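Only one structure is covered here, and it is reproduced in the block below.
Just so you know, all these numbers are worked out from the coordinates, no wet-lab data involved. Since this is a predicted model, take the numbers as computed values, not measurements. Counting neighbours? That spans all protein chains shown, and the Cβs are built from the backbone with ideal geometry, glycine included.
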Amino acid sequence: MYALTTAKKTLEAAVGMPVGSPKDATQADVCVPCFAPAKKEGKNPAELAQSLVRKTFPPAFERATAAGPYANYFFSETFYRQVISETAQPDYGCQPMPKSKAPYVLEYSQPNPGKPMHLGHIRSTIIGDVCANALQHMGRPVVRLNYLNDRGAHIAELITAMETFKDLPKVTDEKSLLAYYVKIKADIENDPALKEKTRQVLEHLKDHEKQLVKIRDMSWAAFQRNYDALGVTFDDIPFETTLESDSRARVQECLDKKLAKKEPDGTIITQLEPETSNTVLLRSNGTPLYFTSDLALADWKWAKYHFDTSMIFTASEQNLHFRQLQTLLTKLGRTYAPNYLHKGFGLIRLTEGKLSTRQGRVVLLEDVIRSVTEEANDQMKARNPDAKPEEAIARAVGIGALKYGVLKVKLEKDITFDPKTEVQFEGDTSAYVQYAHVRACAILDKFAGQAEGPHAVQNANGKGEKGKAAANSGKEKNNKKKEKIAAQSNATPARLSASAMESIQLPPLPAKLDLNESERLLLKKLAEFPDALDYVATTMQPHALCEYALQVAKAFTSFYAASPVLTAEKAGLKAQRLHITASTKNVLALALGVLGINALEKM
RNA sequence: GGGCCCAUAGUAUAGCCUGGACAGAAUGGGAGCUUGCGGAGCUUCAGACCGGGGUUCGAAUCCCCGUGGGCCCGCCA
């Protein structure tokens, strides 16, 4: 058990009351509000608090004071030592396995084959990815699933368009498909013949196998490029047409169990009232719908994975659809129904309105990715004109900012995306968190250089010193640091590789810690990582981890300003702060890792 | 007409599940900070709980009624 959990649980056991965290961290580390317990025992809350703090408390605390109706407790050196040690572990945040070894199946992204991925797909993609990362880091088995519906009406429309509109440019990639889609969507309403043709294609999709495969392959190649850029992966990517699931058998089962009925026109409709409203299972022409295939998909998932929990991430406009699905699964007697869950989130809209592929109002994901990378590159040039720009860093900063901007907003809220201002690099941003990590790395890196001995230091800083000397002779103060940084980043030997950074030997902690306020605040924040991770994994709300990462970064930059590490007055203090720096670097890297954001060592 | 969701400084956002000490950061605005481990930074000032009831010792948080906005309501996905 981690330090914070242990501290709270032992205190709870000692006082026999629920403990809380104070809003203001300077008041107390852990507090016991005495209002309710005092009322229950017919006592005065302030007196109860007084009597509590006179009781003995666990070793994680060093003192207790009563402040009115609150009993306030303060962490001891024992606690801080445990935090320093546990937060440096690469698997910090991992929790013991629960009884069930069944996997969590997370279904997300789900772009439509035949249509390009656009801005709207990013939310599902990265929310699902982050939740999967969080569960995985906690030690849970996870299946990342991307279900691609290539049997829907849009595919039939596309195939019809490809066979009808001979005057449009030849289909060569997924972008050229978009013109066909927009045109058929515009024409189909006023052209019954076209509509009928589309219906025929949908009903006999097997006869159009060649076009179907072409669409699928082109689309997947395009999707894969986006996933590569975003660093998102999947374990299982079922296409509906290749899924061995018979939707019609489910429809028959519903009819047999009186959960569906056939209307005079041939439509088959569910019977779910009064729990929820009804929906169509089979069109009057006998073709299945999205709902029908989702029903089959649920059984397919259960048969293949026997999941602990299945979670599907989509926009909240599909909330009713999934409520209906779960109700039907329950009524069909599927034992897994209570664990077949859906998480809806708000739309990403443009300043000019809702995204709509069929109306051609679409911001392609790859264009967004390119533009944020360019923006990050411009920022790097502006801030650090002399360093040579590095594409990999620009991508990490730009894509990090894009992800963070989307992830930090609570799921229920819509996001209005303004391409000009959406991606930020200052304040509550991924760049701020990445920058804190970079600074921690810089300290450890420099320390390792010093520790290698005088020769090593000379070699390592050779070019850096030259750059510094040149800067000192110059008049412009402001350029000094920039030149120094530029010189450092060009001097490849000056920076340790990631693997070398991992093996840095820190001096042992002193026998007695000497923690100032900034160090205490930082360590307390580091101790909260397992809770933050657990919150994300159990509620599937990644925004809490953005908030947490930001708080750690803030606590670290305050520590950085207030507490010199390498130039600390005493050797013991230096060792203590090196450990705190290393722990912070570890926690920041872990949090960024779960968020799918690259923890850079320089930027 | 019915259902679900949202409403917090100029802008944008956390806290709401599980009520508790002056509502937390950000950005923009004001004032400072660099002989120093990277200024994408630090310190500091001003600025907000949609309206009205109710429950409670105590409500941003729970309940009710409004107002404003979003989404959905059988053959799209």
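Tell me the Kirkwood hydrodynamic radius of region A:325-408 in angstroms, computed as one over the mean inverse distance between distinct C-alpha pairs. Please list the in-between numbers first.
Details: mean 1/r = 0.0605 Å⁻¹.
Kirkwood hydrodynamic radius for region A:325-408: 16.5 Å.
For region A:257-302, what is the convex hull volume of its Cα atoms per residue in Å³?
Spelled out: Cα convex hull of region A:257-302, divided by residues, is 88 Å³.
With all distinct Cα pairs included, what does the Kirkwood hydrodynamic radius of region A:365-417 come out to in Å, to one decimal, could you say?
Hydrodynamic radius (Kirkwood, Cα pairs) of region A:365-417 is 12.0 Å.
Based on C-alpha coordinates, I'd like the Rg and Dmax of chain A, in Å.
Looking at chain A, its Cα Rg and Dmax stand at 29.2, 92 Å.
Kirkwood Rh, Cα Rg: Rg to Rh for region A:92-187? Display every interim value, and only then the final one.
Working: Rg = 19.3 Å, Rh = 16.0 Å.
Taking Rg over the Kirkwood Rh, I get 1.20.
List every residue whose amide H lies under 5 Å from the amide H of residue A:348, counting only residues 5 or more places away in sequence or on a different chain, with H placed 1.01 Å from N in the peptide plane.
A:415
Tabulate in residue order the Karplus-calculated ³J(HN,Hα) for region A:215-220, using 6.51 cos²θ - 1.76 cosθ + 1.60 with θ = phi - 60°, rounded to whole Hz; enter x for Gly and Pro.
4, 4, 5, 4, 5, 5
How compact is region A:222-375 by the rule of thumb for globular proteins, expressed as Cα Rg over 2.2 N^0.38 Å?
1.24
What ranking of A:117, A:380 emerges when the number of other C-beta atoms within 10 Å of each C-beta is taken as an exposure proxy, fewest first? Numbers along the way, then the final one.
Details: A:117 25, A:380 20.
Least crowded to most crowded, the residues run A:380, A:117.
Using only the alpha carbons of region A:3-75, what is the convex hull's orientation-averaged projected area in square nanometres?
Average projection, Cα convex hull of region A:3-75: 4.3 nm².
Tell me the relative contact order for chain A as a rounded percent, counting alpha carbon contacts under 8 Å between residues six or more apart.
Working: 915 pairs, mean separation 91.4, N = 603.
Taking the mean separation of contacting Cα pairs over the length of chain A, I get 15 percent.
Suppose only helical runs count, i.e. DSSP H with n ≥ 4. What mean residue ellipticity at 222 nm does that imply for chain A under -39500 (n - 2.57) per run, divided by all residues and rounded to the nearest 500 deg cm²/dmol? Don't jump to the answer; show the numbers that get you there.
On the way: 22 runs with 318 residues, N = 603.
Only helices count here, giving -17000 deg cm²/dmol.
From the P(r) of region A:157-207, can you give the percent of Cα pairs sitting at distances over 19 Å?
Here the tail beyond 19 Å accounts for 24 percent of pairs.
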